[in-house]
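Please treat every number below as a calculation from the coordinates, not as lab data. This structure is a prediction, so every number in the text was calculated from the model and none was measured. Quick reminder, even Gly has a Cβ in these numbers, built from the backbone with ideal geometry, and neighbours come from all protein chains shown.
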Amino acid sequence: MRKGGDVEEKIEIERRKKWGIFYVYIICISLCLSFLTGVASAAGGEVDGISTYKSTEYDSAASVFADGENVYVMVRDWAGTKGGTSTATITNGAETITIPLYDNGTSPDTKPNDGEYWGVFTIGTGTTDDSSDYLHIDDGKEATITADVGGDGNSGTAKILAYYNTNPTKITVQPGESIQEAINNLPAEGGVVELAPGVHDVYDTIVINKSNVTIMGTHNSEIRTHDSSKDIFALHHKNPSPDEDWSVQPILRNIVLKGFKVSSTYTTYTGQRNALIRAYNVEHLTVKDIYDVSHIWYFVAVGITGGITNGQQENIYIKNNTIYHSSPVFAWSKNVYVINNTIIDSYQSYGIDANRNNLYVYIIRNNVVGGNHANLHMYSSQYWIVEDNILDGNTRYCLDLGVVPQHAIIKNNTMRNGLWGGIEIWPVEIKNIMFVNNRIYDNNGPGILVTPYRGPVEANIRNNVIYNNLRDGIKMENENGALIVANNIIANNGGYGINLISGNLTISYNDIWNNTLGNYNGVSAGEGDISVDPLFADPDNGDFHLKSQAGRWNGSAWVNDTETSPCIDAGDPVDDYSNEPEPNGGRINLGAYGNTPEASKSSGVDTTPPTITASSPTGENVSIDTTISVTFSEAMNKTSAEGAFSISPSVSGSFSWDGNKMIFTPDSNLAYNTTYTVNISTSAEDLAGNNLESPYSWQFTTIEEDTTPPVISNIQTSYITSNSATITWTTDEPSTSLVKYGTTSGSYPYSQEDTSYTTSHSITLTNLQPNTTYYFVVNSTDKAGNSAQSSEYKFTTNAWEYIWIEAEDADTITPDFKIVNDTSASNSKYIWVPEGAGWHPKRGEAIYTIHIHSPGNYVIWGRIFANTISNNSFFVQMDDSPDYLWTITPSNSWQWDEVNHWGNGTETDPEIDPVIFTLSEGEHTLRIKQREDGTKLDKLLVTNDIKYTPFNPPSIVSFSPENTTLTQYVNRTYTFSVTVSQPVSNAWFLDGEDLHNNAQSWTHTWEHTGVHNVTYIGTNENGTVSLTWTVNVTLNVTPPPSFPSPNETLVYISPSSKVVKRGESFNISIYVEPGEEIAGMQANLIFDP
């Protein structure tokens, strides 16, 4: 995959740094050809369009949208400086104007100030006047914008490029008339095709092959498509070839589709991936204000599929559309804006598919409901703003981040009702991702799932609400990943609040509360974490503002509650809080509205003393290895609370915290049969400095001393494989688990131990040798230190088993699978679904019968050729197992790949790599099923040697003679040779008889006529190669067209056959080198009786 990007842009994910990146970004461009909108003219000419692109200075871009002569600048500043004068300076190189930027008023949003700063100026071809907000820019010329919020000198820059036009040609098309003919009749400089009210039936693709073309209408102007296999509109030409070279195609500019309605005569998806418009090599494509109720697959398809080179697509605007059933998709594009669309029930895999290799993607204020895989797909592109969207499930995930999306701000989105979860992250290399101010709730899976997939992820999850999801709030399974989790409220989820399976988490200042399986798994509470009811305003109806007696925003006004959330002023003390309204307590709030204008107000100074709500242990018969804990009513000053703790008799130990719970762990076991008294003095303080309301104390008594060892029983050996076995047993009291073992009776040099206390013991021995007898004893020690050991037992591991299968040797192969001859493949054959056969999952399959001699765990390897991510998968099924989605890393050569499962990362469909098949002794059925066309399968290996990695089999590099069906002659000597890619044992056969020749060549003189087979076979531990020549050996030859070369004596008989009939004449021609004598001649003739 390619990585785009000519600007090094950063989104800070260091937890201790403020968001000091000054971000200016494009929020909206409403016009590419403003003369089509009917707005007033600018001085000297009307604005056709504005092109914006990033400066190499700083890490930001100017943000504009235009409505004719007006240009609006929008800036978002996340830097700390506020209160100074905010300005934007615009220069054409010779003249400069400076305009003010306002934090409210000119923004189209009606909510309170959200950190957006706006200004406006006008452009045209007239002279710059004295109004200070008008700038002269000639047609096709640039101007530079430099914006500074707060007057702190932290500036963001960009450039704009202006186009002008007046009096465009307009052609009105009535229903029944040809839209294509109207486009063809526009002049070379373009113009407008206006669709009159009524139904415009389309039976074939309409081609737009010139620049500056607008297709416009109203919702009473209806384009109705009849053929689901055809796009409605296409740029350049229809049906682009897979061999298209877009680098030699022209670039079309300023194409607009707007205002009309789209419908279809077909009422469901028919399997054809057609589009409203399919576009390549385009700059400034706008699709807006369209009402689409058709059943096309893609609403807009930009830069996807097709071509040996990628098209050049820049400045793509998809805005203000209502879309049923279809969805926009774009790839290999720069500056893409998807703004204010409503997208419902897309057939496509995603509601919005931001596919691979895009650069600068802005997805803002969209409402996406339903879809197949996700509402929004963020895939392998760089520099994103995803803000203010509603992603409303009815699909697998609300948001899907895959492979290598990088440098993204995902802010202030609502993600709910995902059937599998809220956010799925499946990385190859995902980095610089900021999730901030989002509401992720009511999803039927985890709130955020980070899968292992194939690479690392780096993300900052900050100031979000993750609430009432069916599974974990955050589940982290990526061992190379690093997440920063701060200032979030993670509550009421059906699994753990935070579940760390593998990877790195930095956790601080979160409210983790009331999660069904526990607040943490695999990780402890972080600095500043609390565990309290956040007191949301109305979470059942999606209102996650925090209750506050001082003031809470209800969507239209500030209201006062009767109680105040403990999450107000509970965030990281070093984080910016300046966007929160006064009084803000001088500290950021937790949750989705922290450091926003909608943050709930602080109630003022905290004067409420903390109390103790729980303590442990209590009563009698307490284990001597107990910990001692006390839970406070609110977050505490940890140093003061630990200093207020004392225990008598005195015990040394250390402290840890789980939210508001202080935990004391003794350095060693407590004494038997002893009463301990724990005291917490009033010197313990909360974060506001309030002392504990009153002293607190309690007692507990430890158990009496135990001198009886545990009783061991029911020792079993199970799950024996070639390299592992599981030993189980039971004891009559909680005790540890130890297995000592070796390969000689009475000697146990190896051991495996579990020091946790249990009555049901299980130890799995690994890294064993195959086909080997092991002797073992089990040992258990109770909490009092009493140990018991069993007598000796034994077991024998299974042998390694390697089952090699040529792919073409299946019991059954059904279409679309085909067998193909190829000398680079093992045995010179492979199977595949031919490229171009299309997407027909599970239609064809190759079925193999597998005979297992050693029961146990097996893996499957395949020798695969998959050169793109569009042809790199099969389905795999063993017996009645599920169909595993085997996804292969693309390569330009044959490679061995282990069968894996590309699941969605949920508990019900996890990522599995490799898939382990537990097989009993006997016969099994393996099915390789069709998924994508173009994936080649050469050979299979089924083995219980889990750690074994097969090498590629040998292949024939070259051979001679190059023709495998040929004619040779009696009494002549010939050499057959083969070059193989690896060292092999060689064997040659003539008509099936072994010639006992271990060389890569064989020389032979033919003595008799006839048809003979010469076969070569090369073999090593990685496989076998073979090649057969079919040789027709004859006596006679056809006379040469010219005299033989010197030193050659030849005899030719005509006719060429040696058999002549009686009475027929024949010639014998003897050719000798001049000056040579004929030593003698003999002709043997056979007459036909």
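If R₀ is 35 angstrom, what is the calculated FRET efficiency for the pair Ala614 and Asn560, using the beta carbon separation as r and rounding to 0.05?
It comes to 0.65.
Can you give me the long-range amide H partners of Ile850? Hydrogens built in the peptide plane at 1.01 Å from N, cutoff under 5 Å, separation of 5 or more residues or another chain.
Amide H to amide H, under 5 Å and 5 or more residues apart or across chains, Ile850 pairs with His924, Thr925, Leu926.
Whole angstrom only: what separates the Cα centroid of segment 202-264 from the Cα centroid of segment 825-866?
That distance is 41 Å.
Provide the gained length on full extension for the span Asn541 to Ser756, in nm with one decimal, where the gain is 0.36 nm per separating residue minus the Cα-Cα distance.
Working: separation 215, 0.36 × 215 = 77.40 nm, distance 4.47 nm.
Extra length from Asn541 to Ser756 when fully extended: 72.9 nm.
Using 0.36 nm per residue of separation minus the Cα-Cα distance, give me the extension gain between Asp809 and Thr823 in nm, one decimal.
On the way: separation 14, 0.36 × 14 = 5.04 nm, distance 1.64 nm.
Length difference between fully extended and current span is 3.4 nm.
What is the distance, in nm, between label points placed 7 Å from the Cα along the Cα-to-Cβ direction at Ala188 and at Asn786?
Going from the Ala188 label point to the Asn786 one covers 10.3 nm.
Simple spin-label model, 7 Å along Cα-to-Cβ: Ser977 to Ser654 in nm?
Spacing of the two 7 Å Cα→Cβ label points: 7.1 nm.
Of the trypsin sites (Lys or Arg not before Pro) in segment 933-970, which ones lie in a loop per DSSP and count no more than 12 other C-beta atoms within 10 Å?
Working: sites: Lys936, Lys939, Lys947; in loops: Lys947.
Passing sites in segment 933-970 are Lys947.
Given a Förster distance of 45 angstrom, what is the FRET efficiency for Asp138 paired with Val957, based on the Cβ-Cβ distance and rounded to 0.05?
Once the sixth-power term is evaluated, E becomes 0.10.
Using Cβ contacts closer than 10 Å as the measure, can you line up Val287, Val876, Val859 from fewest to most?
Working: Val287 28, Val876 24, Val859 19.
Placing the least packed residue first, the sequence is Val859, Val876, Val287.
5 Å is the cut-off here: which amide hydrogens, built 1.01 Å from N in the peptide plane, fall below it relative to Glu142, excluding neighbours closer than 5 in sequence?
none
Enumerate by residue number the trypsin sites (Lys or Arg not before Pro) in segment 718-813 meeting two conditions: DSSP loop (anything except H, G, I, E, B), and at most 14 other Cβ atoms within 10 Å of the site's Cβ.
Values: sites: Lys740, Lys783, Lys794; in loops: Lys783.
Hits after loop and neighbour filter: nothing returned.
Using 0.36 nm per residue of separation minus the Cα-Cα distance, give me the extension gain between Asn480 and Gln895 in nm, one decimal. Walk me through the numbers on the way to the answer.
On the way: separation 415, 0.36 × 415 = 149.40 nm, distance 2.49 nm.
Length gained, Asn480 through Gln895: 146.9 nm.
Apply the Karplus curve 6.51 cos²θ - 1.76 cosθ + 1.60, θ = phi - 60°, to the phi angles in segment 926-941 and return the couplings in whole Hz, x for Gly and Pro.
Residue by residue, segment 926-941 yields 9, 10, 9, 10, 5, 10, 9, 6, x, 8, 9, 10, 9, 7, 10, 10 Hz.
Quick one: which residues, 5+ away or cross-chain, put their amide H under 5 Å from the amide H of Ser86? H built at 1.01 Å from N.
So Ser86 has HN proximity to Leu101, Gly150.
A 26 angstrom limit on the alpha carbon distance is what I want to check against. Which of Lys334/Lys431; Lys258/Lys334; Lys230/Lys818; Lys431/Lys936 exceed it?
Details: Lys334/Lys431 20 Å; Lys258/Lys334 21 Å; Lys230/Lys818 29 Å; Lys431/Lys936 33 Å.
Too far apart for the 26 Å limit: Lys230/Lys818; Lys431/Lys936.
Enter the Cα centre distance for the pair segment 947-976 and segment 356-384, rounded to the nearest angstrom.
Cα centroid of segment 947-976 versus Cα centroid of segment 356-384: 53 Å apart.
Classify segment 956-1034 as rounded, prolate or oblate, taking a ≥ b ≥ c as the square roots of the eigenvalues of its Cα gyration tensor: rounded when a/c is under 1.5, otherwise prolate if a/b is larger than b/c and oblate if not.
Values: a/c = 2.27, a/b = 1.92, b/c = 1.18.
Here segment 956-1034 falls in the prolate category.
Given R₀ = 56 Å, what would the calculated FRET efficiency be for Thr172 paired with Thr98, taking r from the Cβ atoms and rounding to 0.05?
0.80
Give me Lys288, Lys411 sorted ascending by neighbouring Cβ count inside 10 Å, so fewest comes first. Provide the component values of the computation, followed by the final result.
Values: Lys288 20, Lys411 23.
Going from least to most buried by this count: Lys288, Lys411.
Which residues does the label zone of Thr218 cover in segment 171-210, counting backbone N under 14 Å from a point 7 Å along Cα→Cβ?
Of the residues in segment 171-210, 195-199 have backbone N under 14 Å from the label point off Thr218.
Please arrange Asp538, Asp292 by how many other C-beta atoms lie within 10 Å of their C-beta, fewest to most. Walk me through the intermediate numbers first.
Values: Asp538 11, Asp292 23.
Going from least to most buried by this count: Asp538, Asp292.
Average projected area of the Cα convex hull of segment 712-796, in nm²? Don't skip to the answer; put the middle values down first.
Numbers: hull surface 19.9 nm².
Mean projected area of the Cα convex hull: 5.0 nm².
Each residue of segment 449-466 in turn: what ³J(HN,Hα) in whole Hz from Karplus with 6.51, -1.76, 1.60 and θ = phi - 60°, glycine and Pro shown as x?
Computed from phi, the couplings for segment 449-466 are 10, 10, 8, x, 5, 10, x, x, 9, 10, 8, 10, 9, 9, 6, 10, 10, 10 Hz.
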